[in-house]
Every structure is written in structure tokens, then in C-alpha cells.
Amino acid sequence: MASTQGAAQVLVASNRGPVSYTGQQDGSLVARRGGGGLVSGLSAIGSDADALWVCAALSDGDREAVRRGVGEPGVRMLDIPADVHADAYNGIANSVLWFVHHMLYQTPLEPVFDAEFRRQWASYQAYNRAFAEALAQEAAEGAAVVVQDYHLALAPRMLRQLRPDLRIGHFSHTPWAPPDYFRLLPDDIAAELLAGILGADRAAFLTRRWADAFTDCCHAVLGPGIPSGTRVGVHGLGADADFLRGRAHEPDVAERMTALRTEIGAGRRAIVRVDRTELSKNIVRGLLAYRQLLADRPEWRERVVHVAFAYPSRQDLAVYRDYTAAVQRVAEEINAEYGTAGWTPVLLHVEDDFARSLAAYRLADVALVNPIRDGMNLVAKEVPVVSDEGCVLVLSREAGAYEELGADAITVNPYDIGGTADALHRALTLPADERAERTKRLIAAATALPPAQWFLDQLHALQAGQAG
Ligand code: G6P
């Protein structure tokens, strides 16, 4: 047992934490709490449970907060050197691992495993070690630790070596690549990633499909496969209906609905999408499908608007910046080609605004969720829950949410632009009673495992040593 043992009974580790800090002109720091499934999941543990969230400082404001000892109870931010973090987060996690698990490499975007990659890999190891050491320090005897995502694939094994007494879980929010694709990673790196996660007592995923791919990779890369000490589990995170419905009926959302209704124009249908601007979300092909709908079926011109909120993400990386620019370019092209004095075919907004997203959810007639691959995709679950009149979901068969929602959605092959255009037409013409029936079933499936229960289930399974 480590001599530096701490007091926390339940620990979560993730790159992005629940709070971020911004420096003000007068030198003060303003804290902003984020949303998301993990934040509401953790709130289920309550404040007196000795819970601790270990995360990385991501901005200059965050680093300053760590230096000044400013912080929130229950959160420990690690001041990992900025260059180490940049290599681990931008270089390895978001340029390599994200692309492998979402199978995004295609010419001319190819993986490059050279000396620079090896240098960044050393930073990824150091970053993971910083988390493992902090967790080892903070955890009480026998505590449960849930490590999150592809940023921290090595941490479970490192932590196991430091603290064999802990119950360690790893949860992947992304898909997992099948062996033929995963093995494009150098052999030693592929093995190190798998062995890292296998250091956990439990490796959990959002769907059975990703869990099976992980198991297949272990067999293909490591030979003996999953060691007897590690269980593989599945927990499909659902929408937080109470929170979303409450938040969607606050005055700032109502204000934005009024503005959005004016932008859309009276009597028009709304095809809504809300994403981080990121290649796996397949926003460009969604726009091209909408363009094809307008080209092939002129009856929809002036009668429909594509409301696309695409919030820039990971803009330190050129490939994400270029994608954001491509989204904007294609939207402008469609508006130039088809727009009229009284009708803007695509309403593209790029400034992140949660209240406006909820306003769009409420007004949606059709929700377009067409990722190339996606761990789950919560938008697919959230729009039916929040929409005022019920909505038709056009859903990629490659989203994790497909396993739960596919039967009541209109499903698409995300690469098939023509097929997606047809699906949009079908969605727009679905009879009202069928739309209502489908929405009812979508809501039931989408809310089956709300975030708090999702987290508690993982915790209990970890403490009980269960699979499943
Ligand atoms: C995905 C990952 C999360 C990540 C989120 C936002 O859903 O699985 O771990 O937090 O994207 O990405 P970012 O790079 O902005 O944290």
C-alpha cells in the first residue's frame, strides 16, 4: 500500500473536468461549470461521499487557478506542463487515437508514425503517469476509481502498479476500432494501449459493439486476450430528461425560440443538427445531402430550413480548423445557390450557445444525426425528449445510439449522400400520427439510463466485480 494514501472513496479521472477558469482584466479568475453526462452523473454520489474528480488544467486560466490554489471542493486540477499536455491531447489523443477509433483516416489524411510521433507518445505516457500518481495519492484504501476515455488509456495499469488495493474502472466514451483498423498503430503502441486499459478491473463501453471490438483487439494484438482479472462491461448513457426539460423552459430559451422562428420563417419545417465541429460528425455530408434534397425535390425549396449549429472544437489542430472552414464554405454555397430574398436555406451558427441549442431542439421537425462513427451521440437522444411537437430522427447506423434508437429512427449509411437526402424527404413527409408514436418510443429508449444511474451502475458493478 502506498504511504501517501488519501481520503477519497470514489474518484473520477478525465482530461476535461467539470470547471474551467478565465482570467479577468483585474487579475481575478472567473469559474465556469460545464454540463454533460459525467457532471450530472457524479452529482448522484452526493457531497458527503468523499468523491474527487481529477482532471487536467486546460487553459492559462486553469493553470493560474492551480498556482494560486484556487479550486472547487471535490475537484483537483493537474498542472501538467503545457507542452506535455499539448503533445498528449492534441498530438496523440485527438490526432491519432480519435482518428483510429472513429476510423477517420483516408487519403490524404494518413497516419504518420515517425520520430515526432514517438516524442509525443512519451508526453502521452507522462500525462497518464501524472494522473496515475495523483489518483494514487488521493485514493483511500480500497477506493473505486473510474478513469475516462482515450486520453487516459495507460493510467489504469500505471495506477494498478502504484496501488494494487484499488478497484479501478476504465470507461470509453468513443467507439472502439475493429482489429483490422486498430492494428494500423505500431505494434508496441497498440499493445501498450490495450495493456493499459486491461490494468483496470473493469473496462466499460457505451455499446456492446464497441466492447466486442475491444475484446477482438485484445485477442488479435495480445494473443491471450482478456486476462481473468478484467471484466468487460456495457453502460449506454442516456439523456437527462428532467434537467433538459427544465432548462429548455427557462426564459432565455424562449427568447431564442422567438428569434429562431423569425430566422426560419413562418410555416417552414426545420431540420436541426447540433454538433461540435469535428470530422466524425459528418456535417459536410449532411449539408450535401440537404443540397441534394433541394436539387432533386424542388417542392421543398422555400418550405424547409436546415438549422445547423456547429460549435468549433479542438481548433489548435489544422485538420479540425480546415473542417470548420469546409462546413462554413458548403453552407454558404447552398445559400448562394438556392437562397431567395425571403428564404435562407441553411442557418449555420458557430458560436456555442446551449440555450439556443435547446431552442432549436424544441422547434425541430427533423433531427439529423449522421456521424461516420460515434461512441453514443447524445443529441440523438436529447432532441426527441425536448422537441415540442415530437420530431423524426434521421440517424446514422454507425452511432452508438443506433443500438437503442435504430428501430424508431430513419437510419442512414453516413457516407451515402443520396440515401441521406431520401431519408430527409421521408422524415419530412412522415404522417403526424407515426411521428408521434415514434417520438414516444424514442423518448422511452433515450431516457432508460439517465446519467446519475449510468454512473452508479458502473460504480456498483466495479465494487461488486461484475461484468455486463
Ligand atoms: C468526446 C470525448 C470526450 C470529450 C469530448 C469533447 O465526446 O469522448 O472525452 O470530452 O469529446 O472533446 P474535447 O476535446 O473538447 O474535450
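The values are calculated or read from the model by the stated rules, or taken from the named source; none is laboratory data. All values derive from a computational prediction rather than experimental measurement. Here the Cβ is made from the backbone with ideal geometry for all residues, glycine too, and neighbour counts use every protein chain on show.
Overview of results
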| item | result |
| --- | --- |
| Conditions (1) among the charged types (D, E, K, R); (2) surrounded by fewer than 17 Cβ atoms within 10 Å (Cβ to Cβ); (3) modelled with pLDDT under 95: number failed by Asp240 | (2) |
| When residues of region 80-112 are limited to those that are among the hydroxyl-bearing types (Ser, Thr, Tyr) and in a helix (DSSP H, G or I), the one modelled with the highest pLDDT | Tyr89 |
| Residue match in region 129-138 (condition: in contact with a helix residue (DSSP H, G or I) (Cβ under 6 Å, 6 or more places away or on another chain) and without any contact (Cβ under 8 Å) to a residue 60 or more places away in the chain) | yes |
| Check on Glu116, more than 16 Å from the ligand (Cβ to nearest atom) and surrounded by 15 or more Cβ atoms within 10 Å (Cβ to Cβ) | no |
| Residue within region 133-145 that is within 16 Å of the ligand (Cβ to nearest atom) and part of a helix (DSSP H, G or I) present | no |
| Flag for His219 being of a type outside the set (Phe, Trp, Tyr), surrounded by 22 or more Cβ atoms within 10 Å (Cβ to Cβ) and part of a helix (DSSP H, G or I) | no |
| Region 309-318: number of residues that are within 13 Å of the ligand (Cβ to nearest atom), surrounded by 14 or more Cβ atoms within 10 Å (Cβ to Cβ) and not charged (D, E, K, R) | 4 |
| Leading residue by the ranking (farthest from Pro178 (Cα to Cα)) among those in region 52-93 that are touching a Leu at 6+ places or on another chain (Cβ under 6 Å) and within 13 Å of the ligand (Cβ to nearest atom) | Ala56 |
| Within region 234-307, helices (runs of 4 or more DSSP H) holding 1 or more residues that are within 16 Å of the ligand (Cβ to nearest atom) | 283-296 |
| Among (1) more than 23 Å from the chain's Cα centre (by Cα); (2) closer than 24 Å to Ser40 by Cα; (3) of a type in the set (Lys, Arg), the one test that Arg247 misses | (1) |
| Residue selected from region 174-216 under the condition closer than 19 Å to Gly238 by Cα and β-branched (Val, Ile, Thr), by the criterion farthest from the ligand (Cβ to nearest atom) | Thr207 |
| All helices (runs of 4 or more DSSP H) inside region 345-429 with 1 or more residues being modelled with pLDDT of 95 or more and within 17 Å of the chain's Cα centre (by Cα) | 354-363, 379-386, 402-405 |
